[in-house]
1. Kindly provide the set of residues from the stretch 25-45 that are part of a helix (DSSP H, G or I) and out of contact with any helix residue (DSSP H, G or I) (no Cβ under 7 Å at 6 or more places or on another chain), ordered by number.
2. For the stretch 38-64, which positions are over 17 Å from residue 107 (Cβ atoms) and either touching a strand residue (DSSP E or B) at 6+ places or on another chain (Cβ under 7 Å) or surrounded by 13 or more Cβ atoms within 10 Å (Cβ to Cβ) (or both)?
3. Can you pull out every residue in the stretch 84-95 that is more than 16 Å from residue 63 (Cβ to Cβ) and either out of contact with any helix residue (DSSP H, G or I) (no Cβ under 8 Å at 6 or more places or on another chain) or surrounded by 11 or more Cβ atoms within 10 Å (Cβ to Cβ) (or both)?
4. Within the stretch 46-77, count every residue that is farther than 24 Å from residue 93 by Cα and assigned to a helix (DSSP H, G or I).
5. Does residue 109 satisfy being out of contact with any helix residue (DSSP H, G or I) (no Cβ under 6 Å at 6 or more places or on another chain), within 30 Å of residue 2 (Cα to Cα), in contact (Cβ under 8 Å) with a residue 60 or more places away in the chain and in a helix (DSSP H, G or I)?
């Protein structure tokens, strides 16, 4: 994305800045494999109570499976943990949604809440300048 923006030519600095703002919005809305398929915005907003409960559930399952189990290396432990996590998060739950779908939905709700609060607070703080 950035390489495409850098390779473009713009008629002026204003057009260049507008293209950069558009790129930033696109970047924030694009799921990324480094972020387990979440968007940067979803990562930055953080998790909520449902995600915390799911994390506890996963850690209990992980502990039950590997507590006292010797690993050849830290790498082996990491690979087994990530493999279990990716499998666990993609299994449908009782409501038919996967853990990842639950996490994404909760983070999207948190993003929407943050946007409402910012809009309300920014509207209030800038109204005196109108």
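FYI, it's all coordinate maths here, none of it is from the lab. Small disclaimer: the values here were computed from a predicted structure and weren't measured. Please note: Cβ atoms are built from the backbone with ideal geometry, for glycine as well, and neighbour counts cover all protein chains shown.
1. Quick first cut of the stretch 25-45, residues part of a helix (DSSP H, G or I) only: 25-28, 33-35, 40-45.
Result: 25, 26, 33, 34, 44.
2. Narrowing the stretch 38-64 to residues over 17 Å from residue 107 (Cβ atoms): 56-57, 59-64.
Residues satisfying the conditions are 61, 62.
3. We begin by selecting, within the stretch 84-95, every residue more than 16 Å from residue 63 (Cβ to Cβ); these are 86-87, 89-95.
Across the stretch 84-95, the qualifying residues are 86, 87, 89, 90, 92, 93, 94, 95.
4. Within the stretch 46-77, the first condition is being farther than 24 Å from residue 93 by Cα, and the residues that meet it are 67-77.
Still in the list and also assigned to a helix (DSSP H, G or I): 74-77.
Matching residues across the stretch 46-77 total 4.
5. On the way: out of contact with any helix residue (DSSP H, G or I) (no Cβ under 6 Å at 6 or more places or on another chain): yes; within 30 Å of residue 2 (Cα to Cα): yes; in contact (Cβ under 8 Å) with a residue 60 or more places away in the chain: yes; in a helix (DSSP H, G or I): yes.
Here the answer is yes, as residue 109 does meet what is asked.
To keep it simple, each residue is scored yes or no on (1) over 30 Å from residue 115 (Cβ atoms); (2) in contact (Cβ under 8 Å) with a residue 24 or more places away in the chain.
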{"position": "14", "(1), (2)": "no, no"}
{"position": "36", "(1), (2)": "no, yes"}
{"position": "50", "(1), (2)": "no, yes"}
{"position": "55", "(1), (2)": "no, no"}
{"position": "69", "(1), (2)": "yes, no"}
{"position": "74", "(1), (2)": "yes, no"}
